[in-house]
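K.L.:
This structure is in structure tokens; I'll ask about it shortly.
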Amino acid sequence: QVPLVESGGGLVQAGGSLRLSCAASGRTFSTYGWFRQAPGKERDFVAAISWSGGSTYYADSVTGRFTVSRDYAKNTVYLQMNSLKPEDTAVYYCAADRTYYGVSPSGYDYWGQGTQVTVSS
């Protein structure tokens, strides 16, 4: 069973908004992270949130435009993306871990399948 299932990607014009969801099935993790990977590039950190305290951290490139949040009842983490730019185009991945809270992809043990976000100019 896939522990993390993402949804919400799609095609949007520059300046538009999308909300990504990451549902954890059957378990709770202490930290959730969002990453993105454009073609031919490395997987980059976008945002992270601690499940219990709700503390958040963002990459400089998305600060002020993206917001990460959680819903206890639905065991789901969200990434609200506003003022989207063409350079935000990438496959977005949700990641989770029981102990790690940081920006390195290697720190997260669990990953979703990814969802494509395309921003047209």
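The values are calculated or read from the model by the stated rules, or taken from the named source; none is laboratory data. Computed from a prediction, not measured in an experiment: that's the story for all the values here. Quick reminder, even Gly has a Cβ in these numbers, built from the backbone with ideal geometry, and neighbours come from all protein chains shown.
K.L.:
Out of 16, 40, 53, I need the residue that is part of a loop (DSSP other than H, G, I, E, B) and either touching a Lys or Arg at 6+ places or on another chain (Cβ under 7 Å) or on the phi > 0 side of the Ramachandran plot (or both). Which one?
P.N.:
Numbers: 16 fails: either touching a Lys or Arg at 6+ places or on another chain (Cβ under 7 Å) or on the phi > 0 side of the Ramachandran plot (or both); 53 fails: either touching a Lys or Arg at 6+ places or on another chain (Cβ under 7 Å) or on the phi > 0 side of the Ramachandran plot (or both).
The match here is 40.
K.L.:
Within the range 93-114, does at least one residue satisfy the condition of being β-branched (Val, Ile, Thr), over 13 Å from the mean Cα position of the chain (by Cα) and modelled with pLDDT of 95 or more?
P.N.:
In the first step, residues of the range 93-114 are kept if they are β-branched (Val, Ile, Thr); the result is 99, 103.
Then keep just the ones that are over 13 Å from the mean Cα position of the chain (by Cα); that gives 99.
Filter again for modelled with pLDDT of 95 or more, leaving none.
Among the residues of the range 93-114, not one is β-branched (Val, Ile, Thr), over 13 Å from the mean Cα position of the chain (by Cα) and modelled with pLDDT of 95 or more, which makes the answer no.
K.L.:
Any idea which residue in the range 85-121 is surrounded by the fewest Cβ atoms within 10 Å (Cβ to Cβ), counting only those that are hydroxyl-bearing (Ser, Thr, Tyr) and outside any loop (DSSP other than H, G, I, E, B)? Reasoning before the result, please.
P.N.:
Here is the first cut: in the range 85-121, the residues hydroxyl-bearing (Ser, Thr, Tyr) are 89, 92-93, 99-101, 104, 106, 108, 110, 115, 118, 120-121.
Filter once more, keeping what is outside any loop (DSSP other than H, G, I, E, B): 92-93, 106, 110, 115, 118, 120.
Working: 92: 24, 93: 23, 106: 8, 110: 16, 115: 22, 118: 15, 120: 11.
Applying the filter and picking the extreme gives 106.
K.L.:
Mind checking which residues of the range 19-37 are basic (Lys, Arg) and outside any strand (DSSP E or B)?
P.N.:
Residues of the range 19-37 that are basic (Lys, Arg), as a first pass: 19, 27, 36.
Matches in the range 19-37: 27 only.
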